[in-house]
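**Q** My structure is below; once you've seen it, I'll send some questions.
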Ligand SMILES: C[S@@+](CC[C@H](N)C(=O)[O-])C[C@H]1O[C@@H](n2cnc3c(N)ncnc32)[C@H](O)[C@@H]1O
């Protein structure tokens, strides 16, 4: 099921096609969530937008527009050289670049570019905006892993971007090598990656406000539309639709501090709207020391042991209410695991070992979806 849902994204990753552009309204919704929590979140800050290109992307335009009202100190955006980017086969320099005295045909293909907006009204029109952006070619191709982009990261307070999905793990590791705050777009499935989950567990990163129900619509270069199956590219909006997309961040926002309103276990068993819980109760896993809670709104408020909850619970996660103690996913071996199966136990032993398993009344076993293991936080 997950495979079908994310097949556009998987195909894009495989083809190393990273050319999707984030929509203005999606950037705005996410940034507003941080601003609602802390109106000064960007004040006096240097923001780096790597993996960007102001001629294509909305990130630079968005922050340039808000330069003054957000109180930014500096905005730096870097782009990746077309020759290094297999997704940039349709690249054409824009008039912005070709019309500049600094334009160089060879460098344009081989080098990344850096765009800077400081508190300087370059064209003296009385406002600081995108027209005051100054640009130059980088020494290298603008790879976020290059020394010169690393040096920019180390001077920045906040990194914001939609990084190449094919390099998501590496991009997060790159962020973790520094002390920056960040907000980046990625596939929700990354929560289960063995490189990412421990960071979530330790509250080094969390889910942002996110997209409505995980549905993201990205603009793509017009010519790239034929790389997508019929129906995926929407002619009227010139976007492709990816499911299960979210923002990963370490910037605080309000929802993260709202407690989930939940019923007790007894009330859930009596009144839950889910037939799997009402009158049935909660099943215990056979291979994890935890109970199965198949829906976030069915988490029993008064249960003190570990509970396996859907990954989407993270959208509602409040670290003061619950702690994350593990995940039922192979590669993430956690203490709550009780046993491994072999083929004498069940023909589907491999599946069972990968996830949490429930022993059914007839003695067979059923594997569940990947679950986060959470526990009610003890009162301080
Ligand atoms: C998903 S797109 C997002 C573009 C833009 N940030 C936006 O959201 O509209 C990712 C961008 O990363 C760039 N990219 C790919 N590999 C990169 C690398 N190793 N270093 C820096 N940028 C890279 C691609 O050129 C692509 O435009």
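What follows is calculated from the coordinates using simple rules that are stated; it is not laboratory data. Note that the structure is predicted; figures quoted are calculated from it, not measured. Here the Cβ is made from the backbone with ideal geometry for all residues, glycine too, and neighbour counts use every protein chain on show.
**Q** Sum -39500 (n - 2.57) across every DSSP H segment of at least 4 residues in the chain, then divide by the residue count to get the 222 nm mean residue ellipticity, nearest 500. If you can, show how the numbers build up before the last one.
**A** Numbers: 11 runs with 80 residues, N = 380.
Value at 222 nm, helices only, nearest 500: -5500 deg cm²/dmol.
**Q** Roughly what would the spin-label model give for residue 125 and residue 270, points 7 Å off Cα along C-beta, in nm?
**A** Roughly 6.7 nm, to one decimal.
**Q** How do the peptides 350-360, 75-85 rank, highest first, by the average count of neighbouring beta carbon atoms within 10 Å per residue? Before the final figure, lay out the partial values.
**A** Working: 350-360: 18.4, 75-85: 22.6.
Ranked by mean Cβ neighbours within 10 Å, highest first: 75-85, 350-360.
**Q** Still on this structure, I have one more. Neighbour counts of other C-beta atoms within 10 Å: give me 135, 24, 206 arranged from fewest to most.
**A** Working: 135 16, 24 13, 206 19.
So the residues, fewest neighbours to most, are 24, 135, 206.
**Q** Now a separate question. Post the alpha-carbon centroid distance, the stretch 251-266 to the stretch 27-84, in whole angstrom.
**A** So the two Cα centres are separated by 29 Å.
**Q** Using a basic spin-label model with each label point 7 Å from the Cα along Cα→Cβ, how many nm lie between residue 105 and residue 335?
**A** Calculated label separation equals 6.6 nm.
**Q** Round to the nearest 0.05 the FRET efficiency obtained for residue 176 and residue 377 when R0 = 30 Å and r is the Cβ-Cβ distance. Numbers along the way, then the final one.
**A** Values: r = 25 Å, r/R0 = 0.82.
According to the calculation, E is roughly 0.75.
**Q** Once you have the alpha carbon radius of gyration of the stretch 2-255, what is it after dividing by 2.2 N^0.38 Å, with N set to its residue count? Before the final figure, lay out the partial values.
**A** Numbers: Rg = 17.7 Å, N = 254, 2.2 N^0.38 = 18.0 Å.
Ratio of Cα Rg to 2.2 N^0.38 Å: 0.98.
**Q** Let me check the size of the stretch 65-141 from its C-alpha atoms; what are the radius of gyration and Dmax in Å?
**A** For the stretch 65-141, the Cα-based Rg and Dmax read 14.0, 41 Å.
**Q** Please work out whether the stretch 135-247 counts as rounded, prolate or oblate from its C-alpha gyration tensor, where a ≥ b ≥ c are the square roots of the eigenvalues and a/c under 1.5 means rounded, while otherwise a/b larger than b/c means prolate and anything else oblate? Each step should come with its number before you reach the end.
**A** Values: a/c = 2.29, a/b = 1.28, b/c = 1.79.
Note, shape of the stretch 135-247 comes out oblate.
**Q** Which of 234, 345 comes first, and how do the rest follow, when ranked by fewest Cβ neighbours within 10 Å?
**A** In increasing order of surrounding Cβ atoms, one gets 234, 345.
**Q** To continue, here is another question. Report the FRET efficiency, 1/(1 + (r/R0)^6), for residue 364 and residue 194, where r is their Cβ-Cβ distance and R0 is 35 Å, rounded to 0.05. Numbers along the way, then the final one.
**A** Working: r = 29 Å, r/R0 = 0.83.
Rounded to the nearest 0.05, the efficiency is 0.75.
**Q** Related question: Please list, in order, the residues from the stretch 30-45 whose amide nitrogen is less than 17 Å from a point placed 7 Å along the Cα→Cβ vector of residue 68.
**A** Only 43-44 fall inside the zone, counting backbone N under 17 Å.
**Q** P(r) tail for the stretch 182-285, what percent of Cα pairs lie past 25 Å? Please report the intermediate quantities before stating the final value.
**A** Working: 2655 of 5356 pairs.
Summing the P(r) tail past 25 Å for the stretch 182-285 gives 50 percent.
**Q** Take every Cα-Cα distance within the stretch 39-87, group them into 10 Å bins from 0 onward, and report for each bin the whole-number percent of pairs it holds.
**A** 26, 47, 19, 8, 0
**Q** Provide, for q = 0.16, 0.19, 0.20, 0.31 Å⁻¹, the log10 of I(q)/I(0) from a solvent-free Debye sum over equal Cα point scatterers in the stretch 98-148.
**A** -0.57, -0.73, -0.77, -1.12
**Q** Now for a different question. Among DSSP beta bridges lying fully in the chain, give the percent that are antiparallel, nearest 5. List each step's numbers first, then the result.
**A** On the way: 38 of 50 bridges.
Looking only at bridges with both residues in the chain, the antiparallel portion is about 75 percent.
**Q** Can I ask one more? Let me know the shape class of the stretch 229-380, please: from the alpha-carbon gyration tensor, a ≥ b ≥ c as square roots of the eigenvalues, rounded when a/c is under 1.5, otherwise prolate if a/b is greater than b/c, or oblate. Before the final figure, lay out each step's value.
**A** Numbers: a/c = 1.65, a/b = 1.17, b/c = 1.41.
Here the stretch 229-380 falls in the oblate category.
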